[in-house]
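Following: one structure in structure tokens, then a few remarks.
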Amino acid sequence: MRTNVAKGDNSSRSGQLLHCLNWAQSQIESGEETIVHIMRIRAGESRGRLIAEVTEDGTRYLEGHNSVDASGILKHG
């Protein structure tokens, strides 16, 4: 099982990818965040994969295997 996490500097959300993308876009539009990273994390793993970033310029999907430490995100998210 895996989950998606949208993480900005001030807050974060987790859930389905579309939920995370919509939340990220609303955070950008309201000025609460300047950039929100979207990552996919598998249950029980300490590292996740960065899959997208949302800014005022739009959503940019990232290819490759951009690994990120998920342990801190899940504790503070």
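The values are calculated or read from the model by the stated rules, or taken from the named source; none is laboratory data. What you see is a predicted model; the values in this text were computed from it and never measured. When we count neighbours, we look across all protein chains shown, and the Cβ atoms used for this are built from the backbone with ideal geometry, even at glycine.
Summary of computed values
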{"read-out": "When residues of the range 1-35 are limited to those that are out of contact with any Asp or Glu (no Cβ under 7 Å at 6 or more places or on another chain) and among the β-branched types (Val, Ile, Thr), the one nearest to ASP69 (Cα to Cα)", "value": "VAL5"}
{"read-out": "Output for the range 13-22, where each listed residue is at negative phi and surrounded by fewer than 21 Cβ atoms within 10 Å (Cβ to Cβ)", "value": "ARG13, SER14, GLN16, LEU17, LEU18, HIS19, LEU21, ASN22"}
{"read-out": "Criterion (surrounded by 13 or more Cβ atoms within 10 Å (Cβ to Cβ), of a type in the set (Gly, Ala, Ser), modelled with pLDDT of 95 or more and within 18 Å of ARG2 (Cβ to Cβ)) met by exactly one of ALA52, ALA70", "value": "ALA52"}
{"read-out": "Hits in the range 4-32 (condition: without any contact (Cβ under 8 Å) to a residue 12 or more places away in the chain and assigned to a loop (DSSP other than H, G, I, E, B))", "value": "GLY31"}
{"read-out": "Output for the range 33-64, where each listed residue is touching a residue at least 12 places away in the same chain (Cβ under 8 Å), more than 18 Å from ASP9 (Cβ to Cβ) and in a loop (DSSP other than H, G, I, E, B)", "value": "ALA43, GLU45, SER46, LEU62"}
